[in-house]
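Below: the structure, in structure tokens.
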Amino acid sequence: MNECLLCEQAIAATPSWQSLLGLDKQTNICQDCSKKFQRADNKIESDSIDQVTTLYTYNEAMREYLHQYKFLQDVQLAGIFARELRTHIPTDALVVPIPIHPEKKIQRTFAHVDELLKSAHIPYTHLLEKVDTGAMGEKSKAERLAMKPLFIVKNGVTIQPRTYILIDDIYTTGTTLRHAATVLKQAGATRVEAITLIHA
Ligand SMILES: [Zn+2]
């Protein structure tokens with residue numbers, strides 16, 4: 001019997017083909033808690049990025065979840081959305097997490113995107129490096145748009161003429177993803193999509 005990671009009530013084991021195959025290990029929150037999260041399933045398109053899929057709305061449950069995650073520093077909590085992520089990421093995709101600047105790791109409100117992917121057993125490669133040092137939150141939208149590229153392709157990395165999927169935690173203005181997509185396309189990617197857990 002598992003306990004819900006959010007409310008600690010016992011989760012009834014429901015045998016399924018997934019659990020028999022060991023794919024269902026990340027079903028670690030109860031029905032009551034999972035119902036509180038609101039699906040977004042928004043698809044956003046723009047010039048620089050072919051498609052952004054956002055999975056959940058930033059609602060009260062999500063706010064609490066992020067708080068709990070930050071407070072407990074519990075990497076296990078990354079696993080809550082593992083199954084959802086796996087559903088949306090093709091198995092043959094080239095998955096690229098949005099990197100965070102090393103200096104910002106400490107003040108980050110959400111654990112690194114890598115933890116989400118790790119808990120979902122989704123292979124990924126870091127192809128981008130962040131070059132900006134200023135905190136995004138302190139800049140206006142106009143300032144952010146006018147900024148020099150936020151990312152560069154890592155040294156020694158070859159971008160192939162195929163589809164890449166960027167992963168980030170929260171979609172707010174989309175600036176970060178557009179910057180990352182532009183850099184990948186300029187380096188030779190034919191298509192760049194993105195998936196974010198939350199739509200703020
Ligand atoms: Zn629960």
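Rule-based calculations on the coordinates, nothing more; no lab input. Source: prediction; values computed, not measured. When we count neighbours, we look across all protein chains shown, and the Cβ atoms used for this are built from the backbone with ideal geometry, even at glycine.
Before moving on, here are some points about what is shown:
- 3J(HN,Hα) along region 186-200, derived from phi through the Karplus expression 6.51 cos²θ - 1.76 cosθ + 1.60 where θ = phi - 60°, amounts to 4, 8, x, 5, 7, 8, 10, 10, 8, 10, 10, 5, 10, 10, 6 Hz, with x in place of Gly and Pro.
- Entries in LYS36/LYS154; LYS35/LYS130; LYS35/LYS185; LYS36/LYS130; LYS36/LYS118 that, when Cα-Cα distance is taken, lie over 28 Å: LYS36/LYS154; LYS35/LYS130; LYS35/LYS185; LYS36/LYS130
- FRET efficiency for THR175 and HIS121, using Cβ-Cβ distance with R0 set to 30 Å, rounded to 0.05: 0.50
- Spin-label model, ARG39 to GLN76: label points 7 Å out along the Cα-to-beta-carbon direction sit 2.7 nm apart.
- Under a 5 Å amide H cut-off, with hydrogens placed 1.01 Å from N, TYR56 pairs with ALA40, ASP41, ILE198, HIS199 among residues at least 5 apart or on other chains.
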